[in-house]
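Reading through the structure tokens given below for one structure.
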Amino acid sequence: MAAADTGEITQYLTFKLADEVFALDITKVREVLDFTTVTNVPRTPDFMRGVINLRGSVVPVVDLRLKFGMTRTESSVNTCIIITEVTVDNDTTVLGALADSVQEVLDLDAASIAPAPKIGTKLKTEFIKGMGRRDDRFIIILDIDKVLSTDELALVKQEEGSEAAS
């Protein structure tokens, strides 16, 4: 983590999933959209909600609540889609991530970010970059590049390509 080495302040976009606050490095976020119609794609995992049309481009949308073992994201006035850039194996994909609501852009210095918790060998937490603190609450800082596995990202890219072709 470069910020930890230099003591730099990094900006994070915070958002809620259920009662938990999560954050993404602002450099990975392109924009935040109001919830819109998501076209379902058959035979995809439950967490793949479908695709949206973003100015003529097909963008896959992932339900982070389902990906993290929570209940499905329900549409409300605050529900939004965070458009992110995910890079795996030097391949960048634009991806939408459903969130219950976006909170704020937050400045955190490396000293206020604790390492991701080690929760045994069976549970994978490599997608957690660290744990930030805000007042008396923890903020789970995600590494969006590691939220989806390489195989899941390949599936997302495949769906993106097949929707664009139709």
If you check Ser57, Ser112, which single one turns out to be more than 28 Å from Thr10 (Cα to Cα), among the small types (Gly, Ala, Ser) and surrounded by fewer than 19 Cβ atoms within 10 Å (Cβ to Cβ)?
Ser57
Out of all the residues in the range 6-13, is one or more free of Cβ contacts under 8 Å to residues at least 60 places away in the same chain and over 21 Å from Arg137 (Cβ atoms)?
no
Are any residues in the range 17-28 exposed (fewer than 15 other Cβ atoms within 10 Å of the Cβ) and out of contact with any Leu (no Cβ under 8 Å at 6 or more places or on another chain), and if so, which ones?
Ala18, Asp19, Thr27
Mind listing whichever residues of the range 29-54 are charged (D, E, K, R) and buried (at least 19 other Cβ atoms within 10 Å of the Cβ)?
Arg49
Out of the residues in the range 109-166 meeting the condition of being closer than 22 Å to Ala18 by Cβ and modelled with pLDDT under 70, tell me which one is farthest from the chain's Cα centre (by Cα).
Ile119
Name the residues in the range 92-108 that are acidic (Asp, Glu) and more than 16 Å from the chain's Cα centre (by Cα), would you?
Asp107
Where Val86 falls short, out of the listed (1) more than 12 Å from the chain's Cα centre (by Cα); (2) crowded, with 19+ Cβ neighbours inside 10 Å:
(1)
Val94 vs. criteria in contact (Cβ under 8 Å) with a residue 60 or more places away in the chain, touching a Gly at 6+ places or on another chain (Cβ under 6 Å) and under 25 Å from Asp151 (Cβ atoms)
no
What are the pairs with Cβ atoms under 9 angstrom where one residue, in the range 30-58, is in contact (Cβ under 8 Å) with a residue 60 or more places away in the chain and hydroxyl-bearing (Ser, Thr, Tyr) and the other, located anywhere, is in a loop (DSSP other than H, G, I, E, B) and buried (at least 18 other Cβ atoms within 10 Å of the Cβ)? Sequence gap at least six, or different chains.
none
Residue satisfying condition, being among the hydroxyl-bearing types (Ser, Thr, Tyr), touching a helix residue (DSSP H, G or I) at 6+ places or on another chain (Cβ under 8 Å) and either closer than 16 Å to Lys129 by Cβ or in a strand (DSSP E or B) (or both), within set Thr71, Thr27, Thr10:
Thr10
Please go through the range 60-83 and pick out each residue that is farther than 22 Å from Asp151 by Cα and surrounded by 18 or more Cβ atoms within 10 Å (Cβ to Cβ).
Thr73, Cys80, Ile81
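The values are calculated or read from the model by the stated rules, or taken from the named source; none is laboratory data. Fair warning: this is a prediction, and the values are worked out from it, not measured in the lab. Methodologically, a virtual Cβ is constructed for each residue, glycine included, from the backbone with ideal geometry; neighbour enumeration extends over all protein chains shown.
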